[in-house]
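J.: Got a structure for you, written out below as structure tokens; questions coming shortly.
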Amino acid sequence: MKTVKVLFKVALSSLCLLLAAVLVSPSFADVIYTYTGETFAYSDYPAPGPTTSDSVTGQITLTAAIPASTTNYLVVDQGYIYPATFVSYSFTDGVTTWSNTNVGPGIQDSISLDTDAVGNIAGWRIELQLASTSLGAPFLWSSSAGPDNVVLPSTTLYVQGYDISMSWSGVGTASPGSPYDAYSSSEGSLGVVPEPSTMLLLGSGLIGLAGLWGKFKK
């Protein structure tokens with residue numbers, strides 16, 4: 001019995017130390033906004049995709065939440081990071097990944113967010129483009145005003161009625177005005193990640209150990 005009590009004391013102390021480390025860690029304060037898109041309703045992309053089984057997902061990480069009632073909060077624009085709170089962003093269509101590590105100055109790179117009166121995300125505009133490949137320059141477009149689009153654009157890109165009018169080289173078999181395209185039938189959802197599961201697990205572990213310790217003391 002004495003050995004068991006010692007083991008419980010060690011486990012409880014370890015959990016307390018781990019909890020303290022998490023609380024003082026700079027990353028603990030990060031606010032993560034996650035995006036979950038609808039499955040693509042159409043895709044004429046060449047292999048390996050994306051296909052109608054894929055969708056756009058991603059996340060934006062900041063060191064602090066965007067203030068309430070904010071319009072056009074620029075997370076990044078043309079490779080230039082605006083807020084001091086910026087940490088990272090990453091989006092994928094299930095095949096290609098767009099992130100702050102592979103999209104940069106001189107390449108289309110724009111994310112802006114709106115919040116409502118209580119700080120929830122009320123709107124977003126995301127435009128991300130990679131460098132040109134043998135087929136084209138993969139472009140991701142997502143907005144709270146319409147469905148997601150992922151395209152391999154040709155000379156002029158038309159997405160949801162917007163003429164972005166950019167030039168790309170190396171578009172392969174994509175004919176002018178007719179890029180490869182994958183799109184969803186409606187917009188997805190963007191919001192703050194709930195309380196980290198790590199904290200919930202640590203809290204549950206501490207409560208459980210405290211309960212068992214109380215029984216052993218009796």
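J.: Is there a residue being in contact (Cβ under 8 Å) with a residue 24 or more places away in the chain, over 16 Å from SER189 (Cβ atoms) and buried (at least 17 other Cβ atoms within 10 Å of the Cβ) anywhere in the stretch 112-121?
T.: The answer is yes, given that some residue of the stretch 112-121 is in contact (Cβ under 8 Å) with a residue 24 or more places away in the chain, over 16 Å from SER189 (Cβ atoms) and buried (at least 17 other Cβ atoms within 10 Å of the Cβ).
J.: Is the stretch 53-71 home to any residue that is within 20 Å of ASP181 (Cα to Cα), over 15 Å from the mean Cα position of the chain (by Cα), without any contact (Cβ under 8 Å) to a residue 60 or more places away in the chain and surrounded by fewer than 15 Cβ atoms within 10 Å (Cβ to Cβ)?
T.: Looking through the stretch 53-71, at least one residue is within 20 Å of ASP181 (Cα to Cα), over 15 Å from the mean Cα position of the chain (by Cα), without any contact (Cβ under 8 Å) to a residue 60 or more places away in the chain and surrounded by fewer than 15 Cβ atoms within 10 Å (Cβ to Cβ).
J.: Can you tell me how many residues in the stretch 27-51 are among the acidic types (Asp, Glu) and either under 21 Å from the mean Cα position of the chain (by Cα) or within 18 Å of LEU190 (Cβ to Cβ) (or both)?
T.: 2
J.: If you don't mind, another one. Give the number of residues within the stretch 127-149 that are in a loop (DSSP other than H, G, I, E, B), more than 18 Å from ASP54 (Cα to Cα) and at pLDDT below 85.
T.: 8
J.: Which condition number in (1) hydrophobic (A, V, I, L, M, F, W, C); (2) out of contact with any Asp or Glu (no Cβ under 7 Å at 6 or more places or on another chain); (3) more than 22 Å from ALA145 (Cα to Cα); (4) surrounded by 15 or more Cβ atoms within 10 Å (Cβ to Cβ) is the one that VAL87 fails?
T.: With respect to (1) hydrophobic (A, V, I, L, M, F, W, C); (2) out of contact with any Asp or Glu (no Cβ under 7 Å at 6 or more places or on another chain); (3) more than 22 Å from ALA145 (Cα to Cα); (4) surrounded by 15 or more Cβ atoms within 10 Å (Cβ to Cβ), VAL87 is out only on (2).
J.: Hey, could you check the stretch 14-45 for residues that are surrounded by fewer than 12 Cβ atoms within 10 Å (Cβ to Cβ) and assigned to a loop (DSSP other than H, G, I, E, B) and say which is modelled with the highest pLDDT?
T.: Restricting to residues being surrounded by fewer than 12 Cβ atoms within 10 Å (Cβ to Cβ) and assigned to a loop (DSSP other than H, G, I, E, B), the top hit is ASP44.
The values are calculated or read from the model by the stated rules, or taken from the named source; none is laboratory data. Being a predicted model, the structure only gives us computed values, none of them experimental. Backbone-built Cβ (ideal geometry, glycine too); neighbour counts: all protein chains shown.
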